[in-house]
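Trainee: Sending over a structure as structure tokens; questions will come in a sec.
The numbers here are math on the coordinates, done by the rules we state, and not lab data. Just so we're clear, the structure is a prediction, and the values are computed from it rather than from any experiment. Using ideal geometry, Cβ is built from the backbone for each residue, glycine included, and neighbour counts are taken over all protein chains shown.
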Amino acid sequence: MDITSLKAWEMKEKILNKEISSRELLEAHIKKIEEVEPEINAFITLNKEEALKEAERIDEKIKNNEELGLLAGLPIGIKDNIATKNLRTTCASKILENFIPPYNATVIEKIKANDGIVIGKTNLDEFAMGGSTETSYFGPTKNPINKNMVPGGSSGGSAAAVGANEVPLALGTDTGGSVRQPASFCGVVGLKPTYGMISRYGVIPMANTLDQVGVFGRDVKDALLMLNAVTGYDMKDSTSSKKSDLPISIDLNERINYLEGMTVAIPKEYIELGPSNKEVQAQFDNALKVFENSGAKIEIVSLPHLEYALETYYIIMSCEVSSNMSRYDGIRFGHRAEEYNTLDELYKNTRTEGFGEEVKRRIMVGTYALSKGLAEESYKKALKVRTLIKQDFDRVFANHDIILSLASPILPYEFNSVINDPIEMYKADLYTVPVNLAGLCSMSVPMGTVDGLPVGLQIIGDRFKDANVIKAGLGYERAVL
Ligand code: GLN
């Protein structure tokens with residue numbers, strides 16, 4: 001048996017039963033990484049030596065019969081926009097190519113405290129801006145299901161690493177879908193919890209009011225395990241919520257039917273904007289039948305402002321991006337241009353050399369939208385529409401447990417195709433961005449394949465009702481397996 005293909009919770013059981021050591025588990029994953037990485041390119045930087053030391057520390061704990069943390073020696077991939085002390089953190093950008101953070105993000109401290117092992121830093125679209133992991137300075141990641149296809153993005157490295165059995169668990173970030181969409185493309189589970197559930201201290205920001213750390217696993221139980229290891233209030237992050245302090249405790253008894261009596265909403269706007277591929281729609285319809293046959297109550301609802309979600313997201317996100325990116329000035333840290341005569345030229349040359357095309361595009365859009373005279377018309381209006389979108393969701397969640405949709409309107413696609421049309425690329429975020437605008441929680445769970453390519457079901461829940469999303473995911477998984 002190839003141990004790397006097990007679920008994270010199964011690996012954990014084997015460690016706790018002393019069937020395998022943490023070191024053996026880690027070595028099996030390192031071997032797998034060495035085998036597949038030349039083709040997949042899910043990692044930017046590996047952390048083998050430190051990881052081996054950690055595995056030995058954990059094995060020592062096991063030998064001494066000390067209690068292990070939730071992650072009990074499991075190897076974990078970390079998206080490379082999350083700061084890791086003494087381990088290069090690049091955001092997949094030339095501008096941070098050699099940046100070594102002097103501190104750990106809170107999520108890394110939590111992984112360590114829970115005896116998880118950081119095995120390496122995973123690939124992403126530059127600064128998490130994108131949906132295909134093609135804009136990485138370190139080259140694209142390939143989809144392990146079909147290597148001619150993109151893995152989705154921006155957390156494509158994390159999703160592909162879990163899909164290719166390089167790690168059982170990984171962290172990503174989700175500003176407008178970057179955990180759920182690559183999970184859908186790679187056939188794994190991706191969960192973006194409620195805004196405020198996971199500390200963002202040490203997570204390099206893209207758009208602060210939308211960014212949230214998310215988790216990847218092979219099934220819903222894996223995602224729950226990872227979420228409970230990293231959630232919790234953090235006074236170092238002013239957007240962290242005290243509501244995140246309790247672990248999400250769910251009875252995992254196999255006999256419980258979580259779908260029985262669950263109230264499920266389907267937005268009619270999503271039906272109208274349905275995918276062009278009929279078979280993808282059929283997958284979604286089948287999933288609805290599974291919910292219905294298991295006793296869920298399904299109702300069509302309306303989210304009237306949903307049609308403005310993409311524009312609203314791309315304005316707010318770009319404005320925040322343009323402000324966040326100003327710190328890369330070639331002076332404090334990161335890349336600095338070699339040739340310049342004046343201070344202005346230093347900034348200009350550094351940023352021209354250091355940023356890729358998509359990052360520059362968003363800085364320009366954001367700066368423009370925030371400019372005097374335009375900010376009222378664009379940025380401030382977008383904030384107002386954001387509130388309307390949030391209120392639409394509030395109305396639905398007043399009497400429904402979850403909302404269901406596809407995670408992505410399109411299947412994984414070939415390299416160098418959609419990326420050439422930025423608007424087409426942005427449109428692919430249709431189903432995921434409203435969730436970030438409203439600060440909700442949401443998860444993508446594999447539904448099956450169309451033409452051999454995975455399709456994900458998106459389960460959306462109200463703020464701090466992450467347990468509903470997880471229960472729905474568990475219920476669906478149990479009903480289809
Ligand atoms: N694809 C979206 C974008 O390009 C989402 C990115 C993300 O969630 N980090 O903005």
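Trainee: Which aspartates and glutamates, if any, have their Cα less than 12 Å from the Cα of Lys32, not counting same-chain residues under 8 positions apart?
Mentor: Asp2, Glu166
Trainee: In addition: Would you mind ranking Glu260, Glu254 so that the residue whose beta carbon has the fewest other beta carbons within 10 Å leads the list?
Mentor: Glu254, Glu260
Trainee: Tell me the Rg and the Dmax, in Å, that the Cα atoms of the chain produce.
Mentor: 21.3, 71
Trainee: Would you tally the net charge around Ala55, using a Cβ to Cβ cut-off of less than 12 Å, leaving Ala55 out, and scoring K and R as +1, D and E as -1?
Mentor: Around Ala55, the charge tally is -4.
Trainee: Something else: Let me spell out the model: positive unit charges on the Cβ of Lys and Arg, negative unit charges on the Cβ of Asp and Glu, origin at the Cα centre of the range 264-326. What dipole size does that give, in debye rounded to 20? It would help to have the intermediate numbers written out before the result.
Mentor: Values: 4 positive and 9 negative charges, 39 e Å.
With Lys and Arg at +1 and Asp and Glu at -1, about 180 debye.
Trainee: Restrict the search to the range 29-80; then list the GluC sites (Glu not before Pro) that DSSP places in a loop and that have at most 14 other Cβ atoms within 10 Å of their Cβ.
Mentor: Glu66, Glu67
Trainee: Can you give me the P(r) profile for the range 133-208? Cα pairs, bins 10 angstrom wide beginning at 0, each as a whole percent.
Mentor: It works out to 21, 51, 25, 3, in whole percents.
Trainee: So, with +1 on the Cβ of K and R and -1 on the Cβ of D and E, and no other charges, what is the size of the charge dipole of the range 229-370 about its Cα centre, to the nearest 20 debye? Don't skip to the answer; put the middle values down first.
Mentor: Working: 16 positive and 23 negative charges, 51 e Å.
Result for the range 229-370 is approximately 240 debye, rounded to the nearest 20.
Trainee: Still on this structure: Under 1.5 on a/c is rounded, so check that first for the range 370-458, then, if it is not, pick prolate when a/b is larger than b/c and oblate when it is not; a ≥ b ≥ c are the square roots of the alpha carbon gyration tensor eigenvalues.
Mentor: oblate
Trainee: For the range 254-316, state which trypsin sites (Lys or Arg not before Pro) are in a DSSP loop and have at most 13 other beta carbons lying within 10 Å of their beta carbon.
Mentor: Arg255
Trainee: Here is a follow-up. How would you order 183-191, 374-382 from highest to lowest mean count of nearby Cβ atoms within 10 Å?
Mentor: 183-191, 374-382
Trainee: For the pairs Lys427/Lys471; Lys121/Lys147; Lys221/Lys390; Lys63/Lys471; Lys236/Lys427; Lys242/Lys268, note any where the Cα-Cα span goes beyond 31 Å.
Mentor: As for pairs spanning more than 31 Å Cα to Cα, those are Lys63/Lys471; Lys236/Lys427; Lys242/Lys268.
Trainee: Which one of Leu124, Gly456, Ser378 is farthest out on the positive end of the charge dipole of the chain, using unit charges on Cβ (Lys, Arg +1; Asp, Glu -1) and the Cα centre as origin?
Mentor: Ser378
Trainee: Can you list the lysines whose alpha carbon is less than 25 Å from that of Lys348, not counting same-chain residues fewer than 8 positions off?
Mentor: Lys94, Lys360, Lys372
Trainee: Along the positive direction of the dipole of the range 4-51 (beta-carbon charges: Lys, Arg +1; Asp, Glu -1; about the Cα centre), which of Trp9, Ile40, Ile30 reaches farthest?
Mentor: Checking the options against the dipole of the range 4-51, the answer is Trp9.
Trainee: A follow-up question, please. Taking 37 °C and 0.692 mPa s as the conditions, I'd like the Stokes-Einstein D for the range 117-159 in µm²/s, using the Kirkwood hydrodynamic radius from alpha carbon pairs.
Mentor: So the translational diffusion coefficient is about 327 µm²/s.
Trainee: Apply the a/c threshold of 1.5 to the C-alpha gyration tensor of the range 324-481 and tell me whether it is rounded, prolate or oblate.
Mentor: prolate
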